[in-house]
Amino acid sequence: QVQLVESGGGLVQAGGSLRLSCAASGRTFSGYALGWFRQAPGKERDFVAAISWTGVRKYYADSVKGRFTVSRDNTKNTVYLEMNNLKSEDTAVYYCAAVFTWNYITIVDRYSYWGQGTQVTVSS
């Protein structure tokens with residue numbers, strides 16, 4: 001099992017920034033890509049960004065491209081999501097998740113492990 005714990009959410013004004021963290025523990029983290037998803041009330045869980053195990057590959061949803069940056073520090077078993085120029089439509093619960101195969105990074109059902117989520121609220 002891999003346990004994932006998100007932190008860093010909160011309330012921010014539009015145009016502001018937040019950095020989310022996702023700390024992993026449990027069995028080896030090695031080889032897993034990490035993805036970030038978000039879910040607004042009454043909506044489906046949507047892909048936001050993903051980063052490969054080595055950090056070389058990164059992929060973003062069009063809606064966050066140029067504003068969000070995903071990174072990871074494997075020495076700390078932690079993945080980060082830097083969110084800049086936040087908009088009201090970014091308001092959601094943000095989840096990190098682990099998947100072993102890069103080919104499936106945008107597909108919710110392919111992820112093996114999930115965190116509990118952290119709330120991000122952007123006020124306009």
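The values are calculated or read from the model by the stated rules, or taken from the named source; none is laboratory data. Fair warning: this is a prediction, and the values are worked out from it, not measured in the lab. No Cβ is skipped: glycine too gets one built from the backbone with ideal geometry, and neighbour counts run over all protein chains shown. Please note that ligands, DNA and RNA were not included when accessible areas were found on the heavy atoms of the full protein model with its side chains. Shrake-Rupley method; radii C 1.70, N 1.55, O 1.52, S 1.80 Å.
Observations on the model:
- Scope the range 1-41; condition closer than 13 Å to Val93 by Cα, under 16 Å from the mean Cα position of the chain (by Cα) and not in a strand (DSSP E or B); matching residues: Gly8, Gly9, Ala40
- Qualifying positions in the range 57-109 - within 18 Å of Ala24 (Cα to Cα) and of a type in the set (S, T, N, Q): Ser71, Asn74, Thr75, Asn77, Thr78, Thr101
- Meets criteria (of a type in the set (D, E, K, R) and either modelled with pLDDT under 95 or over 19 Å from Asp109 (Cα atoms) (or both)) for Lys58: yes
- Strands (runs of 3 or more DSSP E) contained in the range 43-124 and holding at least 3 residues in contact (Cβ under 8 Å) with a residue 60 or more places away in the chain and aliphatic (A, V, I, L, M): 92-99
- Of everything listed in (1) touching a Gly at 6+ places or on another chain (Cβ under 7 Å); (2) closer than 13 Å to Leu20 by Cβ, the single unmet condition for Ala50 is (2).
- Matching residues in the range 42-90 - criterion: being more than 12 Å from the chain's Cα centre (by Cα), surrounded by fewer than 16 Cβ atoms within 10 Å (Cβ to Cβ) and not charged (D, E, K, R): Gly42, Thr54, Gly55, Val56, Ser63, Gly66, Asn74, Thr75, Asn84, Asn85, Ser88
- Residues in the range 1-29 that are in contact (Cβ under 8 Å) with a residue 40 or more places away in the chain and open to solvent by 40 Å² or more (accessible area, probe 1.4 Å): Gln1, Gln3, Val5, Ser7, Leu11, Gln13, Ala14, Gly15, Ser17, Arg19, Ala23, Ser25.
- The set of residues in the range 91-108 being over 11 Å from the mean Cα position of the chain (by Cα) and either polar (S, T, N, Q) or closer than 17 Å to Arg45 by Cβ (or both) consists of Thr91, Ala92, Val99, Thr101, Asn103, Tyr104, Ile105, Thr106, Ile107, Val108.
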